[in-house]
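J.: Pasting in a structure now, in structure tokens, and then I'll have a few things to ask.
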Amino acid sequence: MPTASIILISFNSAEFIGTCLASLQKVTGIADAEIIVWDNASTDDTVSLIKKKFPKLLLHESPKNLGFGKAINRAAKIATGKYLVLLNPDTQVEQNWLQPLLSTFTSETKVGAVNSKTKIVIDGSEYIQNAGNYVFYDGHSRDRGAVITKDRQQEYESDSTYYNTAKKVAAFSGVSVALPRKLFLEMGGFDERLFMYYEDTDFSLRLAKKGYDIWYQPKSELKHIHSASSEEWSEFFVYHTELNRLLLVWKHFSFMRVLSEINKYKLSLLYQLVKGKKRGLTRIKVIAKILTLIPGLIMYRFKGSQ
């Protein structure tokens, strides 16, 4: 049995997944790991590229796009490693990326997940893109390393001693994270109602409820091309991030917070419609979808399971 199963979910990833898989071949300890690529019905050359250049890895071709969470859940069931290591295909890992992730499970106690240090390259310079995640009072989640400016633009901090210390964090990022496979499956995996985005935050909060810690491990490094598989601030991105943030609030926050966030969202929707902005229509779709999911969300709050 391999120590780790490294899982990549691909969707039209031909432009960058080759770089990621090539970097994995140079990783220390990779001989004791299996690599699984679950392709979510790509229409570009992703599958043919993998078959030609990386024929030894395990490739699963899904007939349709399942979304990130559901695809991870399916891949986890066919994985054989003690640990699942989730990795975005638009990344390039460093040689010592894997071992620090796995060793954290034995150096600390009650570890539910270990998050890497992810850097992003902007105009030739490297910045911290993710060092674990924050979770705020209204359900929003943000990368440790990201800074929101006064004009609501996202920037990133430079690497420093602050980001070179292993520590417990509120939540992990699915860009690069290791989880015990047995625990992941026992907890039902990712919530499949969350097609994409916030599934990692949701699972982090569920881990915390069960008494598990989430660690940030800076010795595990990689570079990331942020939002390469879905254009940031596209309608797709906005719909799923806003929907899933509200679903997260429904699942994990007080009923007072649920009512507050829904009311704020409805006021924002009204403002968008009055101003004739396209995002107003997106928010109508979000509200409509939430209405269909409320019975299941209420059951979750009472039963505490998927």
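The values are calculated or read from the model by the stated rules, or taken from the named source; none is laboratory data. On a predicted model such as this, the values are computed, not experimentally measured, just so you know. Every residue, glycine among them, receives a Cβ derived from its backbone with ideal geometry; neighbour counts consider all protein chains shown.
J.: Taking Arg257 and the conditions (1) among the basic types (Lys, Arg); (2) farther than 21 Å from Tyr198 by Cα; (3) in contact (Cβ under 8 Å) with a residue 60 or more places away in the chain, which numbered condition does it fall short on, given that it satisfies the others?
T.: (2)
J.: Within the stretch 265-306, restricting attention to residues that are touching a residue at least 24 places away in the same chain (Cβ under 8 Å) and part of a loop (DSSP other than H, G, I, E, B), which residue is farthest from Gly188 (Cα to Cα)?
T.: Only one residue fits best here, namely Lys278.
J.: Which residues, taken from the stretch 53-72, are buried (at least 20 other Cβ atoms within 10 Å of the Cβ) and under 28 Å from Ser103 (Cβ atoms)?
T.: Phe68, Gly69, Ala71, Ile72
J.: If you don't mind, another one. In this structure, is Ile50 touching a residue at least 60 places away in the same chain (Cβ under 8 Å), farther than 21 Å from Leu102 by Cβ and in the same structural domain as Lys77 (by TED's automatic domain parsing)?
T.: Considered against the rule, which asks whether it is touching a residue at least 60 places away in the same chain (Cβ under 8 Å), farther than 21 Å from Leu102 by Cβ and in the same structural domain as Lys77 (by TED's automatic domain parsing), Ile50 comes out as no.
J.: Look at the stretch 1-20 and say how many of its residues are buried (at least 20 other Cβ atoms within 10 Å of the Cβ) and within 23 Å of Pro63 (Cβ to Cβ).
T.: 8
J.: Still on this structure, please answer the following. Need pairs with beta-carbon distance below 7 Å; first residue in contact (Cβ under 8 Å) with a residue 24 or more places away in the chain and not assigned by TED's automatic domain parsing to the domain that holds Tyr198 and within the stretch 121-148, second exposed (fewer than 14 other Cβ atoms within 10 Å of the Cβ) and among the basic types (Lys, Arg); sequence gap 6+ or separate chains.
T.: none
J.: Do any helices (runs of 4 or more DSSP H) lying entirely in the stretch 1-86 carry at least 1 residues that are within 20 Å of the chain's Cα centre (by Cα) and more than 25 Å from Glu186 (Cβ to Cβ), and which ones are they?
T.: Helices (runs of 4 or more DSSP H) meeting the threshold: 17-24.
J.: Scanning for something in contact with a Pro (Cβ under 6 Å, 6 or more places away or on another chain), modelled with pLDDT of 95 or more and crowded, with 23+ Cβ neighbours inside 10 Å, does the stretch 238-248 turn up at least one residue?
T.: No.
J.: Sort out which residues of the stretch 144-190 are part of a loop (DSSP other than H, G, I, E, B), among the small types (Gly, Ala, Ser) and buried (at least 21 other Cβ atoms within 10 Å of the Cβ), and write them in order of number.
T.: Across the stretch 144-190, the qualifying residues are Gly145, Ser173, Gly174, Gly189.
J.: How many residues are in a strand (DSSP E or B) and either of a type in the set (Gly, Ala, Ser) or within 26 Å of Glu108 (Cα to Cα) (or both) if we restrict to the stretch 191-230?
T.: 11
J.: State all residues of the stretch 112-139 that are surrounded by 23 or more Cβ atoms within 10 Å (Cβ to Cβ), in a strand (DSSP E or B) and among the hydrophobic types (A, V, I, L, M, F, W, C); if no residue qualifies, say none.
T.: Residues satisfying the conditions are Ala113, Val114.
J.: Working carefully through the options Leu273, Leu207, find the one that is of a type in the set (A, V, I, L, M, F, W, C) and either surrounded by fewer than 18 Cβ atoms within 10 Å (Cβ to Cβ) or modelled with pLDDT under 95 (or both).
T.: Every option except Leu273 fails the conditions.
J.: Among what's in the stretch 16-70 and is touching a strand residue (DSSP E or B) at 6+ places or on another chain (Cβ under 9 Å) and of a type in the set (Lys, Arg), pick the residue that is farthest from Glu94 (Cα to Cα).
T.: Restricting to residues being touching a strand residue (DSSP E or B) at 6+ places or on another chain (Cβ under 9 Å) and of a type in the set (Lys, Arg), the top hit is Lys51.
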